[in-house]
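S.K.: Before anything else, here's the structure in question.
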Amino acid sequence: MSEASAPGLASELEKAKEILAEALGEELSSWSAAGARRAWADVATGAHVKAIRALKAEFSELRLSGLTGTDLGDELALYYHLRLGGFILTLRMPVPKSPDGPVVESITGLIPGADLHEREAFDMLGVIFKGHPDLRRLLLPDDAPEGFHPLRKEVEARTLRAEETTPILSPVVTEEKGPIVTLIIGPQHPALHEPERFVFKVDGEVVVGMDIRIGYAHRGIEEAAEHRTYIQDLYLCERVCGICNVAHSLCYCLTVEELLGLEVPKRAQFLRVVAAELNRLHSHMLLLGVAAEEMGFTTLFMYIWRDREVVMDLMEMLSGNRVISSFNRIGGVSRDVGPGLVEKMKARLLELRKRLEHYKEVFETDPTVLARTRKIGYLSRSDAIDLCAAGPTLRASGVDFDVRKDDPYAAYEEISSFRTAVRKECDNWGRYMARLEECLISVDMIEEALSELPGGPVKVKTSRRVKPGEAVCTVEAPRGELLYYIRSNGTDKPARVKIRTPTFTNLAPLRKMMEGVYVADIPVTLASIDPCFSCTDRALFVDVNTGEAWSCYIDEIGRRLRR
Amino acid sequence: MRIFPALIVDALRTLLRSALRKPATEKYPEEKPKIPEGFRGRHMVELDKCVGCGLCARDCPAGAIKMVKVPGRKGLGVPVIDLGRCIFCFQCAESCPKGAIKPTNIYSMTAYDPGDLVLDFRPLLLPSAKKGQDELGGQ
């Protein structure tokens, strides 16, 4: 983590500490700052609402970056990772295990975007959030037995059997009063690329409300990560999402490196920027193509995906594979680039930039694109903040926040061509344009990083064991801020890995955007947050055929599948 | 309706270019693709270098590598790689203290029987085996 703080960062941190001390008094038991951009505060059970209310009054752009629930054995703990501009303040709060279930107060009244975060904590750990408007299961089947919360240490894996649950399809209560009609899309539907279920309330052609059910692609990664070594977890985390695999492996590496107190060589940091930006280009171009297809502009889709091949080729040259790069390693990167490769990559980037500039012109002028995206899916600036939007979704609503700028990692601080792509439109078009602009900026950044590649090694040796501690890191993934929290207990396996993917936090804003759009605009609006549900669903296996939920070592998966 | 020169000019340019160039798609399998240097394909294990430490098997995230005892060799034996489980991350190459495991540019590894996907280099240890027979095992 970079120590060269932006002006005022230290005073901001000091201010947050004073606010907490004043609001909580005795209830704030400890405060520690780790570097310039991380702070940890231990608060008494139930004091989190007071703390967040006081912080929100002072920091208007406060967002909940993640809510980690963890089982410490004797008691549970909730970690509220709050994003306050350039730093993350984590409120650590113990939650005693009581016979009627641990109860804490919900913060959805203060931060509406905490809705899904709290539901996940309820689902996985059984924490009951008092005052939550709709505390249902989020990832497990709706009719999973009461008290079955898989991340609790006392819950035996594989206790959920086929006869106990139906495949995760809860009956929809259709209260069709007047003209409101319930429209169900998914989990299997030709318009969806991934299995998720949307329940729309439709008044004529206009959507008035939306409910989303995720969990169909749940693979048990958080639980599996606790059973494998740090080295093996790197490749597991890389597979949380195929498209943004570099962001996931980078964020994992940064977190483990922080726990190890490791300094990564300069050259490796620059190469990480190259890989991360190639990954962003790949992801954004994929999305823009999909968006064009959703608009009914298949030609544009074909062209964008044809040109995306340039990015895939570059990734293959850099890392040895088109999609899963396996480029980031704990302590550096897996391989170096030679001068010949740098020149080759630069030449291909020139050709790519021309195409991207052209697509920008198309998105700016084409009547199909404009008619299908402008003034549709409105998300105001204040809603984007309250609902904890991330990435281009946040920036297209006029919030100038980018982890690469506000909380720089790798070599982003030294790349001068970086600028944030902030749009004021707040609609689908703004979100697509923000991504297109980011593509062009990414090309500039890759060129700069390749030209100014410092010499030296690309990897340092690391130890297999990690000393006890905890760390939280964020990375600007193509879809927005990605958060990893890792707690180590001194062995070669982590005690808890929490992954908060950007799509997860963008689902609450999506619900807002959907209000008032026409049914025909649903796919375009959905695509505008660049949803990636396979990364949103993690933590537990749910076998849809048998309805059996289980978690296990990765070794066992193949065996189970073959049965 | 407005005229959109950007699109029309591009349409003409694309038409011309596509008429002159070959298609963007590849004619696989009639034409073999060009594999870039450093491609992470099938493994090559140099048994002369292997000391049988078993670090590759220990670090393999997919559990694809098993150490098999070979009479007359020190350590845990030699690695046998199940390509059906391998995720081609090449952590094994990174963990190997002697640099005995390397990726090759062999990308086509299809087989009818999962058993054929096991990459076993032990036959290379037999005195009759010729060196450099990298097609042994698996294929």
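The numbers here are math on the coordinates, done by the rules we state, and not lab data. Please read these numbers as outputs of a predicted model, since none were measured by experiment. Note: ideal-geometry Cβ built from the backbone for every residue, glycine included; neighbour counts use all protein chains shown.
S.K.: Would you be so kind as to identify all helices of chain A, as entire DSSP H runs, whose Cα atoms reach 24 Å or more along the helix's own axis and whose mean Kyte-Doolittle hydropathy is at least -0.5?
M.R.: On the way: long enough: A:266-295 (43 Å, 0.28); A:298-319 (31 Å, 0.33); A:339-365 (39 Å, -0.74); A:428-451 (35 Å, 0.01).
Taking the DSSP H segments of chain A (at least 24 Å long, mean hydropathy at least -0.5), we get A:266-295, A:298-319, A:428-451.
S.K.: Can you give the FRET efficiency to the nearest 0.05 for A:S30 and A:S417, using r as the Cβ-Cβ distance and R₀ = 35 Å? List each step's numbers first, then the result.
M.R.: Details: r = 41 Å, r/R0 = 1.18.
Calculated transfer efficiency: 0.25.
S.K.: Same structure, new question: I need the Kirkwood Rh of region A:198-308: take the reciprocal of the average 1/r across all distinct C-alpha pairs and report it in angstrom.
M.R.: Every distinct Cα pair counted, the radius reaches 17.4 Å.
S.K.: What Kirkwood radius, in Å to one decimal, follows from the Cα pairs of region A:453-522? Let's see the in-between values first.
M.R.: Working: mean 1/r = 0.0633 Å⁻¹.
Value: 15.8 Å, from the Cα pair sum.
S.K.: Let me ask another. Counting other C-beta atoms within 10 Å, which of A:L394, A:L288 has the fewest, and how do the rest follow?
M.R.: Details: A:L394 30, A:L288 26.
Going from sparsest to densest Cβ surroundings: A:L288, A:L394.
S.K.: Kindly give the semi-axes, whole Å and largest first, of the ellipsoid equivalent to region A:1-90, taking each as the square root of 5 times a Cα gyration tensor eigenvalue. Show your work: numbers first, answer last.
M.R.: Values: eigenvalues 91, 48, 30 Å².
Taking √(5λ) for each Cα gyration eigenvalue gives 21, 15, 12 Å.
S.K.: Which of the residue pairs A:K17/A:K50; A:K467/A:K498; A:K459/B:K49; A:K405/A:K493; A:K375/A:K424 have a Cα-Cα distance greater than 20 Å in the structure shown?
M.R.: On the way: A:K17/A:K50 14 Å; A:K467/A:K498 18 Å; A:K459/B:K49 23 Å; A:K405/A:K493 32 Å; A:K375/A:K424 12 Å.
Flagged as over cut-off: A:K459/B:K49; A:K405/A:K493.
S.K.: Bin by bin, in steps of 5 Å, what percent of the Cα pairs in region A:211-262 do you find, going until the bin that has the longest distance?
M.R.: Per 5 Å bin, starting at zero, the Cα-Cα P(r) for region A:211-262 comes out as 4, 19, 24, 24, 15, 7, 4, 2, 0 percent.
S.K.: Which is the longest stretch in chain A that no exposed loop site breaks, taking sites as GluC sites (Glu not before Pro) with a DSSP loop state and at most 11 other Cβ atoms within 10 Å? Could the numbers behind the result be given before it?
M.R.: Working: sites that count: A:E3, A:E146, A:E154, A:E156, A:E175, A:E176, A:E205, A:E263.
After excluding every exposed loop site, the longest remaining stretch is A:264-563.
S.K.: While we're on this one: Given Cα pairs under 8 Å that are at least 6 residues apart, what percent is the relative contact order of region A:392-533? Present the calculation step by step, with values, prior to reporting the outcome.
M.R.: On the way: 185 pairs, mean separation 28.8, N = 142.
The normalised contact order for region A:392-533 reaches 20 percent.
S.K.: Of A:P494, A:P523, A:H81, which is farthest along the charge dipole of chain A in the positive direction, counting Lys and Arg as +1 and Asp and Glu as -1 at C-beta?
M.R.: Projecting each Cα onto the dipole axis, the largest value belongs to A:P494.
S.K.: Any idea what the relative contact order of region B:6-103 is, in percent, if you count C-alpha pairs under 8 Å spaced at least 6 apart? Before the final figure, lay out the partial values.
M.R.: Details: 112 pairs, mean separation 28.7, N = 98.
This gives 29 percent for region B:6-103.
S.K.: On a 0 to 90 degree scale, rounded to 10, what angle separates helix B:5-20 from the longest Cα axis of chain B?
M.R.: Value to nearest ten degrees: 60.
S.K.: Then there's this: In peptide A:319-328, what is the residue-averaged number of other protein chain Cβ atoms found within 10 Å of each Cβ?
M.R.: Values: counts 3, 12, 8, 1, 0, 4, 2, 7, 0, 0.
Averaged over the peptide's residues, the number is 4.
S.K.: Next question, about the same structure. On the principal axes of its Cα set, how long, how wide and how thick is region A:63-165? Give whole Å, largest value first.
M.R.: Computed over the Cα atoms, the extents are 48, 28, 23 Å.
S.K.: In addition: Largest first and to the nearest Å, give the Cα extent of the protein assembly as shown along each principal axis.
M.R.: That gives 81, 70, 57 Å along the principal axes, largest extent first.
S.K.: Let me ask something else about it. With N denoting the number of residues in chain B, provide Rg(C-alpha) divided by 2.2 N^0.38 Å, to two decimal places.
M.R.: Working: Rg = 22.6 Å, N = 139, 2.2 N^0.38 = 14.3 Å.
Against the compact-globule rule of thumb, the ratio is 1.58.
S.K.: Once Rh for region A:1-150 is found with the Kirkwood sum over Cα pairs, what is the Stokes-Einstein diffusion coefficient at 10 °C and 1.306 mPa s, in µm²/s? Numbers along the way, then the final one.
M.R.: Working: Rh = 16.1 Å.
Answer from the Stokes-Einstein relation: 99 µm²/s.
S.K.: Below 8 Å between Cα atoms, with a sequence gap of 6+, how large is the relative contact order for chain A in percent?
M.R.: Working: 1136 pairs, mean separation 102.6, N = 563.
Value for chain A: 18 percent.
S.K.: Continuing with this model, one more query. For the pair A:E263/A:T182, report the inter-label distance in nm, with labels modelled 7 Å from Cα in the Cβ direction.
M.R.: 6.1
S.K.: Quick one: check the C-alpha center-to-center distance for region A:389-460 versus region A:300-373, whole angstrom.
M.R.: 15
S.K.: Of A:W305, A:W429, how do they rank once you tally other Cβ atoms within 10 Å and put the fewest first?
M.R.: A:W305, A:W429
S.K.: Taking every residue in A:232-242, how many Cβ atoms of other protein chains lie within 10 Å of its Cβ, on average? Display every interim value, and only then the final one.
M.R.: Working: counts 8, 1, 4, 8, 3, 0, 3, 3, 0, 0, 0.
That average works out to 3.
S.K.: By counting other Cβ atoms within 10 Å of each Cβ, how are B:F121, A:F327, A:F363 ranked from fewest to most?
M.R.: Least crowded to most crowded, the residues run A:F363, B:F121, A:F327.
S.K.: Quick check: pseudo-label points 7 Å beyond the Cα along Cα→Cβ at B:D48 and A:R374, how many nm apart are they?
M.R.: Label-label distance for B:D48 and A:R374, simple model: 7.0 nm.
S.K.: How many percent of Cα pairs in region A:263-343 exceed 20 Å?
M.R.: Working: 1296 of 3240 pairs.
Every Cα pair in region A:263-343 considered, those over 20 Å come to 40 percent.
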